[in-house]
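What follows is a short report on a single structure.
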Amino acid sequence: MRLNTTVNGEARQVDDVWEGESLLYVLRERMGLPGSKNACEQGECGSCTVYLDGVTVCACLVAAGQAEGRDVRTVEGLTAGADLDPIQQAFIDAGAVQCGFCTPGLIVATHDLLARRPHPEVVEIREALAGNLCRCTGYQQIIEAVQAAAASRDAGAGSP
């Protein structure tokens, strides 16, 4: 099948896609967007979190055919040109990036959280990121990164 979708604001067309291929596979292997990570292939870890029509989903659970005519936004689509999104910078500054495997999904989930709740409490942060597993940081640096990103929005550094 031919897949026509919009990815990070750009109309994309991919040929010879099997309808049952995951959106994650198409993004990474066919479109050259390696930001979303392939970890569990079961929707348990959150490393492949992307937006599909403005709603966060695990791309490993979405069949490529389901993305036909829809809007996909990946972690690569959060940047403004060459500049990092304030969330991405906050993760770096807080040391929330270690092995980096969970980072793209956490950043997309944080982006979604801050769009809905600009000043989340710690319990809200934990709840919003509960579907994203990290085996390196112990989560404290991740929570600090989310709080820093929220604060940077207040300082006028940007917005999700």
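Could you grab me the full set of residues in region 104-125 that are in contact with a helix residue (DSSP H, G or I) (Cβ under 7 Å, 6 or more places away or on another chain) and either within 23 Å of Ala59 (Cβ to Cβ) or charged (D, E, K, R) (or both)?
Listed by number, the residues that qualify are Pro104, Leu106, Ile107, Val108, Ala109, Thr110, His111, Leu113, Leu114, Arg117, Ile125.
Just to be sure before I move on: is Gly65 outside any loop (DSSP other than H, G, I, E, B) and over 25 Å from Ala149 (Cβ atoms) in the structure I sent?
It is true that Gly65 is outside any loop (DSSP other than H, G, I, E, B) and over 25 Å from Ala149 (Cβ atoms).
Suppose we keep only residues that are of a type in the set (Gly, Ala, Ser) and open to solvent by 10 Å² or more (accessible area, probe 1.4 Å) within region 36-58. Which one would you say is nearest to the chain's Cα centre (by Cα)?
Gly54
Among what's in region 78-99 and is within 18 Å of Arg153 (Cα to Cα) and of a type in the set (Val, Ile, Thr), pick the residue that is farthest from the chain's Cα centre (by Cα).
Ile92
Select from region 83-101 the residues that are surrounded by 24 or more Cβ atoms within 10 Å (Cβ to Cβ) and without any contact (Cβ under 8 Å) to a residue 24 or more places away in the chain and list them in ascending order.
none
Give me the pairs: first residue in region 55-82 and more than 12 Å from Leu24 (Cα to Cα), second residue of a type in the set (S, T, N, Q) and in a strand (DSSP E or B), beta-carbon distance under 7 Å, and six or more apart or on different chains, which are they?
Thr56/Thr49; Glu68/Asn4; Glu68/Thr5; Gly69/Asn4; Gly69/Thr5; Arg70/Thr5; Asp71/Thr6
Which of the numbered conditions does Asn38 fail, given that it passes all the others? Conditions: (1) free of Cβ contacts under 8 Å to residues at least 60 places away in the same chain; (2) in contact with a strand residue (DSSP E or B) (Cβ under 7 Å, 6 or more places away or on another chain); (3) not in a strand (DSSP E or B).
Failing condition for Asn38: (2).
Residue by residue through region 69-101, note down the ones that are in a helix (DSSP H, G or I), under 19 Å from Lys37 (Cβ atoms) and acidic (Asp, Glu).
The answer is Glu76, and nothing else.
Among (1) at pLDDT 95 or above; (2) in contact with a strand residue (DSSP E or B) (Cβ under 8 Å, 6 or more places away or on another chain), which single condition is Glu29 missing?
If we test Glu29 against (1) at pLDDT 95 or above; (2) in contact with a strand residue (DSSP E or B) (Cβ under 8 Å, 6 or more places away or on another chain), just (2) comes out false.
The values are calculated or read from the model by the stated rules, or taken from the named source; none is laboratory data. All of these numbers come straight from a predicted model, not from anything done at the bench. All Cβ positions, glycine included, derive from the backbone under ideal geometry; neighbour counts span all protein chains shown. Accessible surface is based on the protein model in full, side chains and every heavy atom, while ligands, DNA and RNA are left aside. Shrake-Rupley method; radii C 1.70, N 1.55, O 1.52, S 1.80 Å.
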